[in-house]
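Step one of this worksheet: look at the structure below.
The values are calculated or read from the model by the stated rules, or taken from the named source; none is laboratory data. The shown structure was predicted, so the numbers you read here are calculated from the model rather than taken from an experiment. Every residue, glycine as well, gets a Cβ built from its backbone with ideal geometry; the counts of neighbours run over all protein chains shown.
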Amino acid sequence: MSNRRDFLKNASFFAATGLIAANGCTSATSPAAPAAPKNKTLGLQIYSLQKELYDDLPKRMTELKDMGYLKLELAGYNDGKIGDVDMMTFKKAADDNGLTIVSSHVNPVIPGQPFFVEYKRDFLPQVREYWKKTAADHVKLECKYLIQPMMPVITSYDAALLACEFFNEAGKICKDAGLMFGYHNHHMEFQRMIKPGEENKNPNPWMPAGEQIQDIFIDNTDPSLVCFELDVYWTVRGGNDPLEYLKKRSDRIKLLHIKDTAVLGQSGLLNFENIFNQMYKNGIQDYFVELEKMPDGRSQFEGIKDCAAYLQNASFVK
Ligand code: MG
């Protein structure tokens, strides 16, 4: 009987010290890992840092530069501010450290409507105005991409098609301003919607019926106006293999979110080597590390530092 209890005790010790990951793989951030070389250019979605970014913005930007995060994707734009900071003050702090603002996550605000809203065609004029002002601001930030990160409420195939009309409109406005509009997925986009009139076509009741919303979005938006940012973690959570999805949609996916359950490479859920190899094959130039709330009480900055070390040490990252 020494045994299961002892084994569990030892296993939890190894897990607590980070020597094994959930799937038994060696952690990339074990204490024995060599110091990370800082010669690779990495991208970061600043949502990862939450409020920690703003306690001393210039100092934090210098810390990001030192980790190799030279490309930023913004979150938290609101009427000329990033977080609570004037957007040009934010840009100066980035510029002063040689950091480039490549992209920005912005969800259109429709006056009088909730954040998660089911689109109606009547909303189009307000949404157009929102994107015009937002695109003009992002031109001042010298941003390349404006990305909608959240899906509206979609309860039918037709609702997904209507969302595509909104995305195409946003794409036109962004293109006129010199930006590229894109859409970022979570897991909900991999739900299936059945085309009206096709309800009874599937003879096997165990096979999923209908099309994935993400595919409806890709197939019904104009490639010259709308690109896609694939979040590899949420793709897995949506029951899809990001490698296969990258192969299948190589013409439309222009950006990636490199994300794991927490620190990159520790869960064993994602094969980042395959993902990076395919990313290079597809010619994708920009990716952004994203980190949700650290689960172990350590700071977000410590988390993204470990993510940077993982990528800086990974032979498959150029
Ligand atoms: Mg993401």
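In region 41-62, what residues are in a helix (DSSP H, G or I) and within 16 Å of the ligand (Cβ to nearest atom)? Outline the logic, then answer.
Let us first name the residues in region 41-62 that are in a helix (DSSP H, G or I), namely 46-54, 57-62.
Those that are in a helix (DSSP H, G or I) and within 16 Å of the ligand (Cβ to nearest atom): 46, 47, 48, 49, 50.
Surrounded by 13 or more Cβ atoms within 10 Å (Cβ to Cβ), part of a helix (DSSP H, G or I) and either modelled with pLDDT of 95 or more or of a type in the set (Ser, Thr, Tyr) (or both) - does that describe any residue in region 112-124? Reasoning before the result, please.
As a first pass, look at region 112-124 and keep what is surrounded by 13 or more Cβ atoms within 10 Å (Cβ to Cβ): 113, 117-119, 123-124.
Going one step further and asking which of them are part of a helix (DSSP H, G or I), we end up with 123-124.
From the residues that got through so far, the ones that are either modelled with pLDDT of 95 or more or of a type in the set (Ser, Thr, Tyr) (or both) too are 123-124.
Yes, there is a match, as at least one residue in region 112-124 is surrounded by 13 or more Cβ atoms within 10 Å (Cβ to Cβ), part of a helix (DSSP H, G or I) and either modelled with pLDDT of 95 or more or of a type in the set (Ser, Thr, Tyr) (or both).
Of everything listed in (1) buried (at least 16 other Cβ atoms within 10 Å of the Cβ); (2) at pLDDT below 95; (3) not charged (D, E, K, R), the single unmet condition for residue 297 is (1).
Can we say residue 139 is farther than 24 Å from residue 103 by Cβ and under 22 Å from the mean Cα position of the chain (by Cα)? In short, no.
One residue stands out among those in region 80-110 that are touching a residue at least 60 places away in the same chain (Cβ under 8 Å) and touching a Phe, Trp or Tyr at 6+ places or on another chain (Cβ under 6 Å): the one that is surrounded by the fewest Cβ atoms within 10 Å (Cβ to Cβ), which is 108. Kindly check whether there is at least one residue in region 201-223 that is hydrophobic (A, V, I, L, M, F, W, C), touching a residue at least 24 places away in the same chain (Cβ under 8 Å) and surrounded by fewer than 20 Cβ atoms within 10 Å (Cβ to Cβ). Within region 201-223 (the criterion being hydrophobic (A, V, I, L, M, F, W, C), touching a residue at least 24 places away in the same chain (Cβ under 8 Å) and surrounded by fewer than 20 Cβ atoms within 10 Å (Cβ to Cβ)), the answer is no, since none of the residues qualifies.
Okay, residues lined up against (1) small (Gly, Ala, Ser); (2) closer than 23 Å to residue 189 by Cα; (3) touching a residue at least 24 places away in the same chain (Cβ under 8 Å); (4) within 16 Å of the ligand (Cβ to nearest atom):
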{"site": "115", "(1), (2), (3), (4)": "no, yes, yes, no"}
{"site": "118", "(1), (2), (3), (4)": "no, yes, yes, no"}
{"site": "126", "(1), (2), (3), (4)": "no, no, no, no"}
{"site": "136", "(1), (2), (3), (4)": "yes, no, yes, no"}
{"site": "146", "(1), (2), (3), (4)": "no, yes, yes, yes"}
{"site": "149", "(1), (2), (3), (4)": "no, yes, yes, yes"}
{"site": "153", "(1), (2), (3), (4)": "no, yes, yes, no"}
{"site": "159", "(1), (2), (3), (4)": "yes, yes, yes, no"}
{"site": "164", "(1), (2), (3), (4)": "no, yes, yes, no"}
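Annotation note: Cβ proximity below 8 Å between a residue of region 233-251 that is of a type in the set (Asp, Glu) and a residue that is within 14 Å of the ligand (Cβ to nearest atom) and modelled with pLDDT of 95 or more (sequence gap 6+ or interchain) occurs for 241/235.
Hey, could you check region 41-62 for residues that are in contact with a strand residue (DSSP E or B) (Cβ under 9 Å, 6 or more places away or on another chain) and surrounded by fewer than 20 Cβ atoms within 10 Å (Cβ to Cβ) and say which is nearest to residue 108 (Cα to Cα)? So the residue we want is 47.
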